[in-house]
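Okay, structure first, notes after.
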Amino acid sequence: MSLENLAGSDIAGLLFVLVFLGLMISFALSGRKRAFQPSREIPAFDRLQRVIGLAVEAGKRLHLTLGRGGITGLEGASAVIGLTILERFARVASVSDRPPVATSGDGTLAILSQDTLRKTFKTIGAEGQYDPAFGQLSGLTPMGYAAGTMPLFYDEPLAATVFAGHFGSEVALLTDAAGQNDVLALAGSDSLPAQAVMYATAEQPLIGEELYAAGAYLKAGPMHLASLRAQDILRWVLVLAIIIGAGLKLLGFL
Amino acid sequence: MRQKIPISVSIVIGVGIIVLLGYFIKFPVLAVMQQILLQWALTLAAVALLVGAINLLNVHFRRVSGRQKNSSYSLILILSLLFTFALGALFGPKSAWSLWVFNHIQVPVESSLMGLLAVVLAFASVRMLRRQLNLFSLVFLATALVMLLGAAPVLGIEIPGLHGPDGLRALIAQVPAVAGARGILIGIGLGTIATGLRVLMGADRPYGG
Amino acid sequence: MGEIRCPMCGKPNPDELDVCQYCEARLKPLIGPFEPADTHEPGEGKGDSVTDWLDSLREHEGGELFEAEEEISEGEEGADESPEWPAEVASEEAGIPDWLAGLGKSLQEEGETLPEAEVGAEQDAGPFRMGDLGEAEKAGEEQDFWTAIAPQEESEPAEQLPSSGEEIPDWLQGFGESEPAAQVESDQVAQTEPGEVPDWLAELEETAGLETSTDALEVEPELEEIDWEALQPDQVDLEAEQESPPVSEDLPAAAPFTLDEEEAGLEIGEMPEWLAEVSEESSAEEAPLLEEVDASLTPAELPGWLEAMRPVETAAPVAPFIEESEGIESRGPLAGLRGVLPIEPEITHLEKPTAYAIKLQISDNEREHASLFEELVLKEGVPAPVEKGIAISPQNILRVVIFLLLFLAVGWPIYIGSQSVDLPLPSREVNQTSQLIDSVMVSEPVLLAVDYEPGFSGEMDAASASIVDHLMIRGAYLALVSTTPTGPAQAERLIKTVNNTAGHAYLDASQYANFGYVSGGPAGLLSFAQAPRGVIRYGLNGEPVWEAAPLADIQTLADFAYIVVITDRPETARVWIEQVQPTLRDTEMILVVSAQAEPLVRPYYEGLPQQVGGLVTGVAGGAAYENGMPRTILARKYWDAFSYGLTLAVIFILAGSIFNTLAGILAKRKYTFKDQK
């Protein structure tokens, strides 16, 4: 591999990714034995933990909807977060007689949600509880997905619904259905229009990149905490870079 | 004790590294490998769409066979899906029959739901302040009202300072909204990178490995 | 055939038996040279391990024992007519330790005699009530025991305790309350000897104690006249020393009973200093005991063993009787020694059973919990009343009202075809878009990406129809593609709509081609941008799309004249810009987006270098574009309805928000006021 061949390479981008990776690994190794100390409280996750316990006691079901984005695009990251939350749901609510159910608007997500549930139930020794119907595809288009998910709020005794994934403005139909049936709606998305709708309609919205902190706040693993810390550090780095760059541009140096 | 890494995790890590490096490093061999892997991903994504449709059929079929609540709607869904599939398979997706179903059933239904969305959002806006009365909610509502008013003339009258390319609406849409959106997108981008790296390292395994 | 008197019940048993046939007490000790006087001649014994002085003691005891047994047998005759249950009680009284029984036995053998009247009186006296037994020998035994412990023990009821102010041991206080534990403790105390007393001296003490206590146990009223001070251990010891036969010359020189030099030099009757000190201390303890024991001798009191059998209705269980092993051996070669191992193993000693409460003790907290639990259980069987929900809630009415108002505001202008509201002036980006499309030549291939959902058809059709119309007017060859599954059908619908409204005839492959659906999201789009022929080989109907003349020279997306992306989602717009635009070289990209995507897409238009050449946003952008076109299509038709609908929505949201907020504040105040009230 010669330097000529590397011409046009995005070395800066590669370095950024490598620094990110290094930070994550170092934080994961150093913070293994440290308890998670959140820099700020996210009330939505506190409420969620309480609701999970109440749902198990009340014999109600937990519902997680993963949105309509696949895993091949940018929206895949929020879908992976949704699957992580689903795995935590399945573990915690495994003692309930009503296992959690996951809906999605993408075929890939439906398969992954089934796989996640099966894997989790197998891990905790409750493989008999698994049913493929717990991970279902509600619709193939956004409105079809919303229309296919809404009946769940009216037909099932739900304690809470978590919206974690890629949504559009059609999520307002789902959050409204949740509100009509007294189901706690905790909503987060990577889509800005969806976040705006969620802020107005959901009981516990997650704004910005709070959804990506779900793994850390739900104690999904040390790597989640490490990546959250790395995100925080690099966010400040980018902020400084933007301010410095804007200043230099203003002064005419750039 | 050496921990065995499952084959699925090894594949994920290997493929992810190749595709990622292919984006940053312009190396012919790497580019070729990246292309091949992306082609495979496209095919798998299309197959996943088909599998999703089969899963949809399976879920509703179980509802019908189990005579669950509202299983009649599931029966209509199954019949509609099979009918539309048959039309496309027999006459082609561009045929008049297929387009008729799309133009006269799917578009009106989904447009109706979008109209319903307008009502829902208006209703939610009315109740928002009662649910959470704080400064951010007030700013949110005020901004929404300004954007709505500035999108079209008010009863046929354009308000100076609000409408037009130099009006308040254009200013909000082009400056603070863009800046806020950029900031959120940067944060989302960092979260996306973190999630992707976790999957690449095998720390996150949504694929059941 | 000889007979052996049972040391417990005093009944005769054949000598070949080892265990009494009445009360199952051992007749013959397991260890020790003791043999019943009936079957053994004095002086006989094992002899190997017993010193001469012990032999002499044995002879002396044997004779006395024999005598005592005879006395007991005499007293036993009157007791044959006693009822059977006392015999059973007696058998149950195997719980009395053997050392106690043996001690009583030895006391009897030393010449203690009690007239029957005295026995009867003694039966009603103190805690050792004998009335229920009805056996003189039992009374005799207890009396023997009593006299033996008299110098050291006082068993009197608590109410009869002397008011001298002396401290009374706890075990002794229990005698008056008829507690078996106290009773047991008194027994134990009776066997304890304070200090380290030489064996021969201890024996002398017991003998003296027996003699003095015998007198003290005659009649109850006389107990009060007893001069307990005369029964101080030191005095008792002195008396015992004086009265005991001289045995010092028989003391062996070897251990364990070897006297120290100091003690060896002591004359008989003279107590060593250390022993005197210990004796004084023990006397100080024993004096109050004696008084307590004396005061507790009240008539009609149950004996200790009978008291122990009384059910206890108290919460705390009584501690089980603990056998005191630190008793002074009174017979045999080890007589006078403390801590002698019992002849029989402890396992044969039956302990007094532990007394347990017969009532379930429940605290108030537990009672409360139990009642709560009972309430919960009872509630399970009672169906909860179902609250009837309101069929039409105020929320539903509000929704219906909103719908009706909006329907009227939007539907009425469309119905009447109103076009009274002026179209907006084109903005900079709209003008730039129009200029770019104006430069399209006839049959130049333009890639038209239709990436919006059917639900957004209302807005996106109005925003994009004029641009498509403009392209058709310019005669461009349209290549339709989509990254959503419903996109190809949506693209066909758009073409048909523009055909119908604008009067065009884009109907076949000579004018446009529909590439269909490109799967894979950004990855698929990148592949399509780099090698479109590799990703799309056939059109939507299976026809080979690349054979059309305008597309023959297309190798990459950069070979198209323009790329026009029509989408409702900002993410799709960003993907097209970030994945495809870098590969376009000089080809311009034009975006037609929904109003919700404008904040995210505008930076690409206004940035430097400009990544997006033209931007049309929402219905307003489409209306502005139509304002610059020679004809109007859809935006003009919707513009009045759009304006009136938006105005009504704003008025409704504003009024409703104010009303709801005030109502919420008033409701909170009312609630707070009620709470304070």
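The values are calculated or read from the model by the stated rules, or taken from the named source; none is laboratory data. Remember, it's a predicted structure, so these values are computed and weren't measured experimentally. Positions of Cβ are generated from backbone atoms using ideal geometry, with glycine treated the same way; all protein chains shown enter the neighbour counts. For the accessible areas, the whole protein counts, side chains as well, though only heavy atoms, and no ligand, DNA or RNA atoms are used. Shrake-Rupley method; radii C 1.70, N 1.55, O 1.52, S 1.80 Å.
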(message) Applying a 10 Å radius around every beta-carbon, put C:645-651, B:189-195, C:588-594 in order of their mean neighbour count, most first.
(response) C:588-594, B:189-195, C:645-651
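For C:456, C:373, give me the order by solvent-accessible area with a 1.4 Å probe, most accessible first, ignoring ligands, DNA and RNA. Please list the in-between numbers first.
Working: C:456 25, C:373 140 Å².
Greatest to least solvent exposure: C:373, C:456.
So what is the relative contact order for chain A, in percent, with contacts set as C-alpha pairs under 8 Å and at least six apart? Don't skip to the answer; put the middle values down first.
Details: 410 pairs, mean separation 55.1, N = 254.
Over chain A, the number comes to 22 percent.
Tell me, what is the per residue accessible area of region B:1-91 in Å², probe radius 1.4 Å? Let's see the in-between values first.
On the way: 6210 Å² over 91 residues.
Averaged over the residues of region B:1-91, the accessible area is 68 Å².
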(message) Could you check the spin-label model distance between residue B:89 and residue A:122? Points 7 Å from the Cα along Cα→Cβ, value in nm.
(response) 3.2
(request) Quote the total accessible area buried by chains C and B together, excluding ligands, DNA and RNA, probe 1.4 Å, nearest 100 Å². (result) 4800
(message) What do you get for the angle between helix A:192-201 and the principal long axis of chain A? Use alpha-carbon atoms, 0 to 90 degrees, nearest ten.
(response) 40
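Quick check on my link table: of C:496/C:637; C:359/C:379; B:94/C:496; A:119/A:219, which ones sit more than 21 Å apart, alpha carbon to alpha carbon? Working shown, then result.
Values: C:496/C:637 17 Å; C:359/C:379 29 Å; B:94/C:496 12 Å; A:119/A:219 18 Å.
Over 21 Å apart, Cα to Cα: C:359/C:379.
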(request) Estimate for me the total accessible surface buried between chains A and B (protein heavy atoms, probe 1.4 Å, no ligands or nucleic acids), in Å² to the nearest 100. (result) 5300
(message) So, taking all protein chains as they sit and a 1.4 Å probe, how much accessible area belongs to residue C:493, in Å² rounded to tens?
(response) 50
(request) For region B:115-138, list whatever residues lose no less than 50 Å² of accessible surface once every protein chain is in place, relative to that chain by itself, with the probe at 1.4 Å. (result) B:117, B:119, B:120, B:123, B:126, B:130, B:131
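Two-decimal Rg/Rh of chain A from alpha-carbon positions, Kirkwood Rh? Provide the component values of the computation, followed by the final result.
Numbers: Rg = 20.2 Å, Rh = 19.6 Å.
The Rg/Rh ratio comes out at 1.03.
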(message) Quick check for you: with a 1.4 Å probe and neighbouring chains kept, what is the accessible area per residue of region C:495-556, in Å²?
(response) 42
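Normalised by the number of residues in region B:1-91, what is the relative contact order in percent for Cα pairs under 8 Å and 6+ residues apart?
15
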(request) Starting from region C:327-362, pick out the GluC sites (Glu not before Pro) whose DSSP state is loop and whose Cβ has at most 13 other Cβ atoms within 10 Å. (result) C:351
(request) Indicate the residues belonging to region C:549-576 that lose 50 Å² or more of solvent-accessible heavy-atom surface (probe 1.4 Å) upon moving from the chain alone to the assembly of all protein chains, ignoring ligands and nucleic acids. (result) C:571, C:574
(request) Kindly point out which whole DSSP H helices in chain B project their C-alpha atoms 18 angstrom or further along the helix axis while averaging a Kyte-Doolittle hydropathy of 1.6 or above. (result) B:7-24, B:71-91, B:135-151
(request) Over region A:43-205, give the accessible area per residue in Å² for a 1.4 Å probe, as an integer. (result) 28
(request) Could you sort the residues of region B:92-109 by number and keep only those whose accessible area is reduced by 20 Å² or more in the all-protein-chain setting relative to the chain alone, 1.4 Å probe? (result) B:93, B:94, B:99, B:102, B:103, B:106, B:107
(request) Would you mind giving the mean number of other chain beta-carbons within 10 Å of the Cβ of each residue in A:201-212, as a whole number? (result) 4
(message) Students sometimes get this wrong: rank C:368, C:444 by accessible area, probe 1.4 Å, all chains present, largest first.
(response) C:368, C:444
(request) Would you mind calculating the gained length between residue C:416 and residue C:19 on full extension (0.36 nm times residue separation, minus the Cα-Cα distance), in nm to one decimal? (result) 130.4 nm
(message) Could you give each residue of region A:88-97 its phi-based ³J(HN,Hα) in whole Hz, using Karplus coefficients 6.51, -1.76, 1.60 with θ = phi - 60°, and x for Gly or Pro?
(response) 5, 4, 4, 5, 6, 8, 5, 7, 7, 7
(message) Calculate the FRET efficiency for residue A:235 and residue B:109 from the Cβ-Cβ distance with a Förster distance of 45 Å, rounded to the nearest 0.05.
(response) 0.60
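Could you sort C:434, B:137, A:39, A:30 by their accessible area in this structure, using a 1.4 Å probe and putting the largest first?
Working: C:434 30, B:137 0, A:39 105, A:30 70 Å².
If we order C:434, B:137, A:39, A:30 from most to least accessible, we get A:39, A:30, C:434, B:137.
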(message) Under a crude label model (7 Å from the Cα following the beta-carbon direction), how far is residue A:50 from residue C:428 in nanometres?
(response) 5.1
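What shape does region B:1-91 take by its C-alpha gyration tensor, where a ≥ b ≥ c are the square roots of the eigenvalues and a/c under 1.5 counts as rounded, a/b above b/c as prolate, and the rest as oblate?
Working: a/c = 5.06, a/b = 1.99, b/c = 2.54.
The shape class here is oblate.
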(request) Keeping the other protein chains in place, figure out the carbon and sulfur percent of the accessible area of region B:89-182, with a 1.4 Å probe. (result) 74
(message) Need one value: the accessible area of residue B:157 in square angstrom, 1.4 angstrom probe, rounded to the nearest 10.
(response) 110
(request) Take peptide B:148-160, look around each residue's Cβ out to 10 angstrom, count Cβ atoms belonging to other protein chains, and average those counts. (result) 6
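Would you mind giving the mean number of other chain beta-carbons within 10 Å of the Cβ of each residue in A:62-74, as a whole number? Each step should come with its number before you reach the end.
On the way: counts 0, 0, 0, 0, 0, 0, 1, 3, 7, 7, 12, 14, 11.
That works out to 4 on average.
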(message) Counting only helical runs of four or more DSSP H residues, what would the 222 nm mean residue ellipticity of chain A come to if each run contributes -39,500 (n - 2.57) and the total is spread over all its residues?
(response) -18000 deg cm²/dmol
